[in-house]
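Data first, discussion second: the structure below is written as structure tokens.
The values are calculated or read from the model by the stated rules, or taken from the named source; none is laboratory data. Keep in mind that what you see is a predicted model, and the values were worked out from it rather than measured. Backbone-built Cβ (ideal geometry, glycine too); neighbour counts: all protein chains shown.
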Amino acid sequence: MTDRTHFNCSNPLFLRWLPGWHGLLCGLLLLLLSGQALANTEAKVLVFGDSLSAAYGIAPEEGWVTLLAKQLERGDYPVAVANASVSGETTSGGLARLPAALQAHQPDLVVLELGGNDGLRGLPVAQMRANLQEMIELSLDNGAEVLLIGIQIPPNYGPRYTEPFYAQYQELADAYDLALLPFLLEGIADNPALMQNDGVHPIAAAQPMIVDNVWPVLAPLLPAPALSDET
């Protein structure tokens with residue numbers, strides 16, 4: 001098959017047959033080829049979270065981030081997924097790590113999934129919110145969009161803590177006009193059969209459900225699937 005990307009507009013045969021039109025045709029051809037090159041450029045997605053995104057307690061290839069990357073590959077999406085999630089991470093730890101992660105990966109989209117460990121440790125909501133806000137601003141300043149993922153904590157922490165904890169995700173999404181998934185473990189966390197013995201982390205069988213939760217919010221932020229070369 002001829003590789004159209006190596007077409008030479010200065011080819012003497014081309015000039016001989018189309019002396020009056022070769023400039024216009026070459027310009028159109030180059031425009032089409034440059035558009036094709038842009039369409040084939042991979043977008044970079046950085047998942048930046050804690051153990052819920054780091055495949056805690058299961059094989060790495062079973063985690064939802066890896067399953068998402070495989071789904072994108074099967075769908076011919078021009079997207080590369082990097083996972084910089086760390087088990088046990090708090091928003092303070094994430095804030096300390098994020099500048100280096102942004103520098104290393106230069107993402108087009110940051111999927112920010114942090115806060116659960118802050119909540120389980122009863123850390124101040126105001127500090128958590130400030131950390132999330134700074135991470136959002138760092139990502140936006142680096143030229144990346146942000147998908148914010150919310151977390152819920154058990155009700156035994158009491159409504160004076162849990163309500164502002166949960167509300168901050170929507171408030172931050174509204175303040176910065178971000179895409180938001182309100183709760184990563186929707187339909188999972190309240191089903192003991194889908195959770196590990198610690199009651200905090202989903203089992204491997206629940207990871208595709210997490211992908212299903214993330215996908216409707218993530219998909220509109222991604223470039224369209226690559227056009228197949230098949231005819």
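Are any of the residues in segment 107-121 over 25 Å from Q152 (Cβ atoms) and in the same structural domain as D177 (by TED's automatic domain parsing)?
There is at least one residue in segment 107-121 that is over 25 Å from Q152 (Cβ atoms) and in the same structural domain as D177 (by TED's automatic domain parsing).
Does G122 satisfy the criteria of being touching a residue at least 24 places away in the same chain (Cβ under 8 Å) and out of contact with any helix residue (DSSP H, G or I) (no Cβ under 9 Å at 6 or more places or on another chain)? It would help to see each step written out before you state the result.
Working: touching a residue at least 24 places away in the same chain (Cβ under 8 Å): yes; out of contact with any helix residue (DSSP H, G or I) (no Cβ under 9 Å at 6 or more places or on another chain): no.
Answer is no for this residue.
Mind checking whether some residue in segment 169-183 is hydrophobic (A, V, I, L, M, F, W, C) and touching a Ser or Thr at 6+ places or on another chain (Cβ under 8 Å)?
First pass over segment 169-183, keeping only residues hydrophobic (A, V, I, L, M, F, W, C): 172-173, 175, 178-181, 183.
Filter again for touching a Ser or Thr at 6+ places or on another chain (Cβ under 8 Å), leaving none.
So far as segment 169-183 goes, no, none of its residues is hydrophobic (A, V, I, L, M, F, W, C) and touching a Ser or Thr at 6+ places or on another chain (Cβ under 8 Å).
Out of the helices (runs of 4 or more DSSP H) lying entirely within segment 12-93, which hold 2 or more residues that are of a type outside the set (S, T, Y) and either at pLDDT 95 or above or buried (at least 16 other Cβ atoms within 10 Å of the Cβ) (or both)?
Numbers: elements: 12-17, 22-39, 64-74.
Helices (runs of 4 or more DSSP H) meeting the threshold: 22-39, 64-74.
Tell me which of these G122 doesn't satisfy, since it passes every other one: (1) over 20 Å from the mean Cα position of the chain (by Cα); (2) under 21 Å from A54 (Cα atoms); (3) outside any helix (DSSP H, G or I).
(2)
Of all residues in segment 198-208, count the ones that are closer than 18 Å to G63 by Cβ and loosely packed, with under 15 Cβ neighbours inside 10 Å.
Adding up the residues that qualify gives 3.
Given (1) in contact (Cβ under 8 Å) with a residue 40 or more places away in the chain; (2) of a type outside the set (A, V, I, L, M); (3) surrounded by fewer than 22 Cβ atoms within 10 Å (Cβ to Cβ), where does S139 come up short, assuming only one miss?
With (1) in contact (Cβ under 8 Å) with a residue 40 or more places away in the chain; (2) of a type outside the set (A, V, I, L, M); (3) surrounded by fewer than 22 Cβ atoms within 10 Å (Cβ to Cβ) applied to S139, the lone miss is (3).
Give segment 135-161 a look and list any residue that's within 19 Å of E171 (Cβ to Cβ), in a helix (DSSP H, G or I) and of a type in the set (D, E), or say none.
E137
Here are some residues: L102, L109. Which one is in contact with an Asp or Glu (Cβ under 7 Å, 6 or more places away or on another chain), surrounded by 18 or more Cβ atoms within 10 Å (Cβ to Cβ), more than 15 Å from Y169 (Cβ to Cβ) and in contact (Cβ under 8 Å) with a residue 24 or more places away in the chain?
None of the others qualify; the one that does is L109.
Name the one entry in Y176, Y169 that is at pLDDT 95 or above and in contact with a Gly (Cβ under 6 Å, 6 or more places away or on another chain).
Step by step, each of Y176, Y169 is checked, and only Y169 is at pLDDT 95 or above and in contact with a Gly (Cβ under 6 Å, 6 or more places away or on another chain).
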